[in-house]
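**Q** Here you go, one structure.
Please treat every number below as a calculation from the coordinates, not as lab data. Keep in mind that this is a model prediction, so the values were computed, not measured. Methodologically, a virtual Cβ is constructed for each residue, glycine included, from the backbone with ideal geometry; neighbour enumeration extends over all protein chains shown.
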Amino acid sequence: MTMIRKFSPLLLSLSLVGAVPAWAHGEETHVKAAVPMKMEQKPWGIGGQAKDVKRTIEIKMLDSMRFTPDHIEVSQGDTVRLTMTNTGAVMHEMVLGTQVDLNEHAALMKRFPNMEHDEPYMAHVPPGKTGDIIWTFNRPGDFDFACLLPGHFEAGMVGKIVVKPSNGAKK
């Protein structure tokens, strides 16, 4: 057995143990600067480009575990900048998705509360700060958003996005 094969499991274990502190929450936004995000089609749309934004929607994140507004309507094909302002004293996040996806992610957050977030359909927003999601709603339907930090989702920090079909498209 070569030395590399013999010590590979040990080295892997040590590298994973060393990575655990990187998952600590703190006041970080969990977004890597200057790293392009992969744009993957989701049932609720796809990450958008700033140059294509047609509308900005401002959303307040409250420590009463609410979003204001908590109901948003857009048209199919719209690229929207969602600007979230955390007016509270605790960290909040906004994650877009279907109810099934949000339930699955919420379960993961309970198991791994310090997991890193860097998808284009989510944003962590520290107290007193602002965060953006630029999203193209290219599929009609009723979709959801939520703060999935432990306890926030369960307390009702959720909202609804209705994507109205464009002319000629069926819902």
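**Q** What net charge is computed for the residues neighbouring residue 109, neighbours being all others with C-beta under 13 Å from the C-beta of residue 109, Lys and Arg scored +1, Asp and Glu -1?
**A** Residues close to residue 109 contribute a combined charge of -3.
**Q** Would any residue of region 86-105 have its amide N under 20 Å from a label point 7 Å out along Cα→Cβ of residue 142? List them or say none.
**A** 95-104
**Q** For region 74-121, what class follows from the C-alpha gyration tensor (a ≥ b ≥ c being the square roots of its eigenvalues): rounded when a/c is under 1.5, otherwise prolate if a/b is larger than b/c, else oblate?
**A** Judged from the Cα gyration tensor, region 74-121 comes out oblate (a/c at least 1.5, b/c at or above a/b).
**Q** Let me ask you something else. Name the residues of region 119-140 whose amide N is less than 18 Å from a point 7 angstrom out from the Cα of residue 63 along the C-beta direction?
**A** 125-130
**Q** Also: Sort region 63-142 into rounded, prolate or oblate with this rule: let a ≥ b ≥ c be the square roots of the eigenvalues of the Cα gyration tensor; rounded if a/c is under 1.5, and if a/c is not under 1.5, prolate when a/b is larger than b/c, oblate otherwise.
**A** oblate
**Q** Here is a follow-up. Classify region 28-164: rounded, prolate or oblate, from the alpha-carbon gyration tensor (a ≥ b ≥ c, eigenvalue square roots; a/c under 1.5 rounded; otherwise prolate if a/b is larger than b/c)?
**A** Rounded shape, in that the Cα axes give a/c under 1.5.
**Q** Sticking with this structure for a sec: Lys and Arg at +1, Asp and Glu at -1: add these up for the other residues within a Cβ distance under 13 Å of residue 65 and post the number.
**A** For residues surrounding residue 65, the net value is -2.
**Q** Taking only C-alpha pairs under 8 Å that are 6+ residues apart, what is the relative contact order of region 82-171 in percent?
**A** Across region 82-171, relative contact order equals 36 percent.
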